[in-house]
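Some notes on the structure that comes next.
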Amino acid sequence: MTHQPDRSTHTVEKIGGTSMSRSRELRDTIFIGDRENGAIYGRIFVVSAYGGITDLLLEHKKSGTPGVYGLFNNADNDQGWSDALTKVAEAMCERHAEVLDDAGDREAADQFVRERIAGARSCLIDLQRLCSYGHFRLDQHMMTIRELLSGLGEAHSAFVTVLMLQRAGVNARFVDLSGWRDEETYKLDDRIAKAFEGVDLTSELPIVTGYAQCEEGLMRAFDRGYSEVTFSRIAVITGAAEAIIHKEFHLSSADPKVVGLDAVQKIGRTNYDVADQLSNMGMEAIHPKAAKHLRQAGIPLRVTNAFEPHDPGTLIDDEKAEEPRVEIVTGLGVYALELFEQDMVGVKGYDSAVLDVLTRHKVRIVSKTSNANTITHYLDAPLKSVRRVERDLEKLYPSASLSARNLAVVSVIGRSLAGLGVLSRGLAALEGAGIEPVGLQKTTRDVDVQFIVPRDRMNDTIKALHESLVAAKGGDSKPSAALVA
């Protein structure tokens, strides 16, 4: 069993890929900083791959440019994927050369990369050869390949971080959850429990891979959000006092590039309800499934700026607000897909049929409205995906009228908005800014109010609402940067 401090003391902390690329700075802030002796320990760090590495392994997260995975999936007998894998190895070596000062450490990291890349290459070559026979289908193995490739990035960053910290005198320990060459498979919780057997949190600093190989298949369920799920399960299984996510910015009331750095206010405390609303708006403080694990276990989450180690950041827990308050104003560009069907009145089944089509095309719904003969879904998806949905619905309902409009959802969010008059004050603010909303949404739970506006007026809307509903109230403090998508 893992030897660990009391629940009241140890933390599980996650570092994202962009922050990991600044590992030298992290060493001097959150890993060591001004801590001495035992104060360094009592923490578990879950790390992502260095910035850009997962893009090279899978596909570019924003542009969709294929990496090794995409090239292999469409390769037939082409070897472009192999060249791409070589570029991954070169990029990995470049990253750790920037982090490691000692020549011996760099050689150890080079060797680690060579072994992992060579193993992955052999696996892909063997699979490609096997699937040249008609009895074997490549598409049946692609999710396994996606998991294999993804795990390379986090294993590399965790291994290098351990070398860096050991060179600095820290008793760091590499905890590899990637299942590399494992002969057995485990459920996620069992893999974590087994990996932490014998780990002494009072005298060791575990550096853990954000990817974990398991029977459930993290990529299948969460795709590139898997590292936060791993992080949350480690916190639950080890009984952490607190879970911490280190970002490059503070969680703040709006994007300073939109409302101005002097206007934004750092959020000192909020709850998981607000975190869920942020996720829905494409601004994840934490993956919703990971938040659910922490929430159910009663573990608070803290979001901090990794490079301002003495700032307490934002505490997220399950507590209700002491008083109603607008905390965040944020926006997201969407397509409003409207289905009008005169025959819909009093007939069941239209809504579920539309949802089936949206699910089949993997289109994310941000919000929806309906009346007697119209259903409108506000979709966070590329236009080409929306068009595919339209075509399917036209076949399903040939007499219906379908349209897609380029709009934006601007959401006013807080733990409690009761009694603040957000709707009326927000409309007054928009009228003052010369903005006419296309639609409005307010739920009975009083945690968010959504203003639907033309896409080209999204930033103007955020600025007007923030000035009216947040800036006039005062806040916790001025952050150096805000949460951005």
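The values are calculated or read from the model by the stated rules, or taken from the named source; none is laboratory data. Please read all numbers here as calculations on a predicted model, not as lab measurements. Every residue, glycine as well, gets a Cβ built from its backbone with ideal geometry; the counts of neighbours run over all protein chains shown. Areas reflect the complete protein model, heavy atoms only, side chains present, ligands, DNA and RNA absent. Shrake-Rupley method; radii C 1.70, N 1.55, O 1.52, S 1.80 Å.
May I ask you to list pairs of residues, at least six apart or on different chains, whose Cβ atoms are under 9 Å apart, with the first in segment 215-227 being over 13 Å from LEU148 (Cβ atoms) and open to solvent by 10 Å² or more (accessible area, probe 1.4 Å) and the second being charged (D, E, K, R) and part of a loop (DSSP other than H, G, I, E, B)?
GLU215/LYS187; GLU216/LYS187; ARG224/LYS61; GLY225/GLU284
Just name the residue that is farthest from the chain's Cα centre (by Cα) out of those in segment 334-351 that are open to solvent by 20 Å² or more (accessible area, probe 1.4 Å) and at pLDDT 90 or above.
Filtering first and then ranking leaves PHE340.
Can you pull out the residues in segment 260-282 that are assigned to a loop (DSSP other than H, G, I, E, B) and charged (D, E, K, R)?
Answer for segment 260-282, where residues must be assigned to a loop (DSSP other than H, G, I, E, B) and charged (D, E, K, R): just ASP262.
Find the residue count for segment 283-298, including only residues that are part of a helix (DSSP H, G or I), small (Gly, Ala, Ser) and open to solvent by less than 30 Å² (accessible area, probe 1.4 Å). Even if it seems obvious, please write down each step before you answer.
Going residue by residue through segment 283-298, those that are part of a helix (DSSP H, G or I) are 288-297.
Going one step further and asking which of them are small (Gly, Ala, Ser), we end up with 290-291, 297.
Checking the rest, the ones that are also open to solvent by less than 30 Å² (accessible area, probe 1.4 Å) come to 290-291.
The qualifying residues number 2.
How many residues does segment 121-171 contain that are open to solvent by less than 50 Å² (accessible area, probe 1.4 Å), outside any helix (DSSP H, G or I) and either without any contact (Cβ under 8 Å) to a residue 40 or more places away in the chain or hydroxyl-bearing (Ser, Thr, Tyr) (or both)?
Number of matching residues: 1.
Output the number of residues of segment 187-214 satisfying the condition of being within 19 Å of HIS141 (Cα to Cα), open to solvent by less than 10 Å² (accessible area, probe 1.4 Å) and in contact (Cβ under 8 Å) with a residue 60 or more places away in the chain.
Summing the residues that are within 19 Å of HIS141 (Cα to Cα), open to solvent by less than 10 Å² (accessible area, probe 1.4 Å) and in contact (Cβ under 8 Å) with a residue 60 or more places away in the chain in segment 187-214 gives 1.
Search segment 98-117 for residues being open to solvent by 50 Å² or more (accessible area, probe 1.4 Å) and assigned to a helix (DSSP H, G or I), and hand back the single one that is farthest from ILE145 (Cα to Cα).
Step by step, filter segment 98-117, then rank; the result is ALA103.
Could you list all residues from segment 172-184 that are open to solvent by 30 Å² or more (accessible area, probe 1.4 Å) and either touching a His at 6+ places or on another chain (Cβ under 6 Å) or not in a strand (DSSP E or B) (or both)?
Within segment 172-184, ASP176, TRP180, ARG181, ASP182, GLU183, GLU184 qualify.
Yes or no: PHE45 buried (at least 24 other Cβ atoms within 10 Å of the Cβ), in contact with a strand residue (DSSP E or B) (Cβ under 6 Å, 6 or more places away or on another chain) and aromatic (Phe, Trp, Tyr)?
yes
Residues are listed down the side, and each one gets a yes or a no for (1) hydroxyl-bearing (Ser, Thr, Tyr); (2) open to solvent by 70 Å² or more (accessible area, probe 1.4 Å); (3) in a helix (DSSP H, G or I); (4) free of Cβ contacts under 8 Å to residues at least 24 places away in the same chain:
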site: ALA372; (1), (2), (3), (4): no, no, no, no
site: TYR378; (1), (2), (3), (4): yes, no, no, no
site: ARG387; (1), (2), (3), (4): no, yes, yes, yes
site: LEU393; (1), (2), (3), (4): no, no, yes, no
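Within the bounds of segment 217-228, is there any residue that is out of contact with any Ser or Thr (no Cβ under 7 Å at 6 or more places or on another chain), outside any helix (DSSP H, G or I), at pLDDT below 95 and over 28 Å from ALA408 (Cα atoms)?
yes
Restricting to segment 396-426, name every residue that is open to solvent by 20 Å² or more (accessible area, probe 1.4 Å), more than 27 Å from LEU358 (Cβ to Cβ) and touching a residue at least 24 places away in the same chain (Cβ under 8 Å).
ARG415, SER416, ALA418, GLY419, LEU420, LEU423, ARG425, listed by residue number.
Give segment 92-112 a look and list any residue that's more than 18 Å from MET20 (Cβ to Cβ) and not acidic (Asp, Glu), or say none.
ALA103, GLY104, ALA108, GLN111 - these are the residues of segment 92-112 that are more than 18 Å from MET20 (Cβ to Cβ) and not acidic (Asp, Glu).
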